[in-house]
Amino acid sequence: MSKLFPKSVNKLPLQILIFIGLTASIVAAGITYYATPKYSRVGYAPVQPVPFNHALHAGHLGMDCRYCHSNVEKSGHSNVPTAQTCMNCHNQIKTDSPLLAPVRESYASGNPVPWVKIHKAPDYVYFNHSVHVARGVSCVECHGKINEMEVVHHAKPLSMGWCLECHREPEKFVRDPKLVTNLDWKHPGGTAAQIEEGKKFVHDWNIQPPQSCSGCHR
Amino acid sequence: MRYAYLVLFFFLVTAISVLGFRGSTTTRPPLEIFPDMDHQAKYKPQAESAFFADKRTDRPSPAGSVAFGRTAIQSDGNFLAADDHMYRGTQADGTYARGFPSSITVDGKLLERGQLKYTIYCAPCHGAIGDGNGITKQYGMGATPTYHDERLRNIPEGDIYHTITAGKNNMLSYADKLEPADRWAVVAYVRALQRAQTGTVADVPSSHKSELGLK
């Protein structure tokens with residue numbers, strides 16, 4: 001009877017408990033790390049019908065974002081440009097590039113180029129570009145350094161907690177509205193000066209980003 | 001027990017190698033774990049429609065529809081864009097009008113607005129000072145003219161307005177990007193650029209002469 005199990009078995013329940021504890025903490029760590037928009041969305045860079053390059057057009061050529069996203073200051077929706085916007089230049093530059101064939105086809109037929117949407121707020125969220133841009137929230141806070149991206153990727157999580165991080169402390173982010181499309185701009189005086197100037201903007205323009213549910217879920 | 005740890009380690013390594021790290025670029029669309037009400041049966045701008053044959057949610061305006069002015073309810077000058085000078089840059093006999101429409105006041109504010117819009121929409125080709133040497137010239141846009149020649153200095157404002165609205169030869173229309181009032185602001189700024197190139201010492205107000213080291 002007494003010889004049925006070896007002595008080491010006495011430690012087994014403890015070892016099993018430790019093992020289960022370890023497994024559970026790894027799973028929990030995995031879920032916090034992976035099951036969030038910081039993982040699931042950030043880095044999404046779909047293959048576009050035309051390999052449009054922001055680093056060339058907005059960075060190197062120095063075009064303003066509003067040349068193409070011309071409604072961003074005026075409406076809630078920031079438009080992806082029409083084919084005519086591209087043809088302004090591409091009727092004379094790279095006129096027979098095969099990469100631009102979908103644009104020429106769209107310009108001739110009037111059917112849109114099927115761009116793949118990257119940033120998407122869920123349909124139950126109300127989001128408005130012009131409010132943010134007019135108040136001096138730069139594109140870079142929500143889209144990252146687009147002017148250095150050859151292919152646009154999702155740079156920020158766009159989750160509710162992330163929106164609120166700024167809505168609670170807008171002074172950390174707001175700048176002179178003239179500088180919103182200058183994605184390389186940082187306050188020359190560093191963080192402290194940014195917060196000081198931000199506080200002034202928040203006070204002068206009475207900036208009150210909504211933190212109540214009905215502000216964004218209307 | 002050692003095997004159990006080995007198996008766990010193996011699972012960990014495979015999971016990390018399949019899932020990767022935060023922020024790595026991928027062409028796979030984001031996974032929606034609970035897509036509850038993310039996609040509702042409503043149309044959003046520039047979205048795809050399952051109903052219309054051409055799949056466009058933004059419907060093109062039907063042929064023959066008449067453009068309405070912004071404040072169509074009152075019959076003011078904007079009603080049905082009736083003011084020819086303001087909306088087409090022409091005068092009663094159909095030729096291009098000189099000067100600015102009566103509803104536009106040319107002042108510092110208008111010029112600032114014009115400068116902003118000019119820098120965004122015109123400078124890539126026409127250059128910051130209107131000499132036609134914008135960044136696109138070196139990539140093959142040889143046709144962009146300078147504003148600083150006799151003909152363009154003397155054409156009516158209405159003609160410049162019409163070039164912005166309808167385009168001219170190789171230059172396409174900017175009507176979708178600039179509202180009529182903004183187009184006039186740009187026209188005013190183009191005029192200011194032209195004036196700047198012909199300025200002389202006599203144009204500097206005497207109160208500012210010392211700043212420039214002039215007498």
Among the chymotrypsin sites (Phe, Trp or Tyr not before Pro) in segment A:1-91, which ones are in a DSSP loop with at most 16 other Cβ atoms within 10 Å of the Cβ? Mind listing them? none
GNM result for chain B, Cα springs below 10 Å: residue of B:188, B:82, B:15 fluctuating most strongly: B:15
What residue among B:22, B:113, B:98 has the largest mean-square fluctuation in a Gaussian network model of chain B, using Cα springs under 10 Å? B:22
Can you tell me the orientation of helix B:180-197 relative to chain B, as the angle in degrees between its alpha-carbon axis and the longest Cα principal axis, to the nearest 10? 60
Please name whichever of A:75, A:12, A:62 sits farthest to the positive end of the charge dipole of chain A, dipole taken about the Cα centre and charges placed at Cβ: Lys and Arg +1, Asp and Glu -1. A:12
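Rounded, prolate or oblate: which fits segment B:89-215 when a ≥ b ≥ c are the square roots of the eigenvalues of the alpha-carbon gyration tensor, with rounded for a/c under 1.5 and prolate only if a/b beats b/c?
In terms of gyration-tensor shape, oblate.
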Specify the residue with the greatest mean-square fluctuation among B:99, B:23, B:142, computed from a Gaussian network of chain B linking alpha-carbon atoms under 10 Å apart. B:23
Calc'd 3J(HN,Hα), segment B:17-33, phi into Karplus 6.51 cos²θ - 1.76 cosθ + 1.60 (θ = phi - 60°), Hz, glycine/Pro = x, comes to 6, 6, 7, x, 10, 4, x, 6, 6, 8, 9, 6, x, x, 6, 10, 6
With label points built 7 Å along Cα→Cβ from the Cα atoms of residue A:9 and residue B:82, find their separation and express it in nm. 10.2
Can you figure out the FRET efficiency of residue B:38 with residue A:131, using R₀ = 25 Å and their beta-carbon distance, to the nearest 0.05? 0.65
So how strong a dipole does the protein assembly as shown carry about its Cα centre when Lys and Arg Cβ are +1 and Asp and Glu Cβ are -1, to the nearest 20 debye? 1580
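Out of segment A:150-201, which trypsin sites (Lys or Arg not before Pro) are coil in DSSP terms and have no more than 16 other C-beta atoms within 10 Å? Spell out each step's value before the answer.
Values: sites: A:168, A:172, A:175, A:178, A:186, A:199, A:200; in loops: A:175, A:186.
Passing sites in segment A:150-201 are A:186.
Each value in this text was obtained by applying a stated rule to the coordinates, not by laboratory testing. These numbers come from a predicted model, not from an experiment. Neighbour counts run over all protein chains shown; Cβ positions are idealised from the backbone, glycine included.
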